[in-house]
Amino acid sequence: MKYTLLIILILTFVKSFGQESDSKEISDFQREKIQLAENFLIETFSESFLKDTLEFKGLYKSVLDMGAFEIKTEFSKDTSRNMILIFLNGEIVETEYNTKITRQNILDYFKGASHENIFLNYNHALSLAKKVNFEKGVKDWVISINGIADSVWWTVTSYEKIEYEPVYSANGKDFKVNIKDGKIKISDWVKIE
């Protein structure tokens with residue numbers, strides 16, 4: 001059971017390319033992904049909507065790449081639920097199961113109605129972790145987003161222990177927030193390289 005959990009954790013460990021990236025530089029590969037997401041938003045809405053209403057917040061890697069955009073604060077009816085995710089599968093936007101944002105979703109959002117396909121954002125996940133005094137650990141939290149379809153989660157990762165000899169190993173806890181309904185899960189993790 002422990003080894004199964006370890007394998008699952010290693011296989012699903014994600015690296016954030018957005019807000020938590022160590023480098024301020026955007027690679028050509030990342031720029032292409034961002035451009036693909038922006039082009040989808042322009043086709044779905046308009047270029048002025050993209051430039052005037054949305055703000056790019058990060059490119060995340062999971063099973064699919066995800067471009068995160070937030071409706072700017074001055075336009076947000078709900079500043080915790082203002083994120084739009086564009087799921088990227090290679091060089092295409094994946095729309096069959098994941099990217100479902102529509103003009104109607106935006107109209108409903110601006111009227112204060114349904115929040116379908118507009119999700120809980122990074123700051124909300126972070127504030128929930130702080131609110132419950134989620135442990136800081138021995139290094140700064142790593143915050144990522146992962147999953148697909150109806151199971152996408154913000155994950156705040158806390159490192160309880162890190163060892164470098166004889167091999168790199170670490171363990172800690174994950175504080176997960178479902179981006180659709182705000183449900184919270186806390187789980188243990190182990191990583192060995």
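Any read-out appearing in this document is the output of simple, stated calculations on the displayed coordinates, not a laboratory observation. Since this is a predicted model, take the numbers as computed values, not measurements. So basically every Cβ, Gly included, is an ideal-geometry build from the backbone, and we count neighbours across all protein chains shown.
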Step through the residues of the range 40-52 one at a time and calculate ³J(HN,Hα) from phi using the Karplus curve (6.51 cos²θ - 1.76 cosθ + 1.60, θ = phi - 60°), rounding each to whole Hz and writing x for Gly and Pro.
-> 4, 5, 5, 5, 6, 10, 5, 5, 5, 4, 4, 6, 8
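Mind listing which GluC sites (Glu not before Pro) in the range 39-87 are in a DSSP loop and have 14 or fewer other Cβ atoms within 10 Å?
On the way: sites: E43, E47, E55, E70, E74; in loops: none.
Sparse-neighbourhood loop GluC sites (Glu not before Pro): none present.
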Long-range amide H partners of L88 with built H, under 5 Å = D65, M66, G67, E94
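Test of understanding: ordering L41, L54 by Cβ neighbours within 10 Å, fewest first, what list do you get?
Details: L41 23, L54 19.
Lowest count first: L54, L41.
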Over 28 Å between alpha carbons, listed pairs K57/K176; K33/K173; K57/K136 | K33/K173
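Just check the range 16-119 against the gyration tensor rule for me: Cα atoms, a ≥ b ≥ c as the square roots of the eigenvalues, rounded for a/c under 1.5, and otherwise prolate or oblate depending on whether a/b exceeds b/c.
On the way: a/c = 1.76, a/b = 1.47, b/c = 1.20.
The shape class here is prolate.
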Using the Cα gyration tensor of the range 88-131, with a ≥ b ≥ c the square roots of its eigenvalues, what is the shape: rounded (a/c below 1.5), prolate (a/b larger than b/c) or oblate (neither)?
-> oblate
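Using only helices, what value at 222 nm comes out for the chain when you add -39,500 (n - 2.57) per DSSP H run of length 4 or more and divide by the total residues, to the nearest 500 deg cm²/dmol?
Values: 5 runs with 53 residues, N = 193.
The per-residue figure over the chain is -8000 deg cm²/dmol.
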On the first, second and third principal axes, largest extent first, how far apart are the outermost C-alpha atoms of the chain in Å?
-> 54, 36, 31
Candidates V177, V138, V152; GNM for the chain (alpha-carbon contacts under 10 Å) flags as most fluctuating V138
Vicinal HN-Hα couplings computed from phi for the range 143-154 (Karplus, 6.51 cos²θ - 1.76 cosθ + 1.60; Hz; Gly/Pro x) | 10, 9, 10, 8, x, 8, 6, 8, 10, 10, 10, 6
Karplus-derived HN-Hα couplings along the range 121-130 (A = 6.51, B = -1.76, C = 1.60, θ = phi - 60°), whole Hz, x at Gly and Pro | 9, 3, 4, 5, 4, 5, 5, 5, 4, 5
The range 18-110: chymotrypsin sites (Phe, Trp or Tyr not before Pro) in DSSP loop, at most 16 other beta carbons within 10 Å = Y97
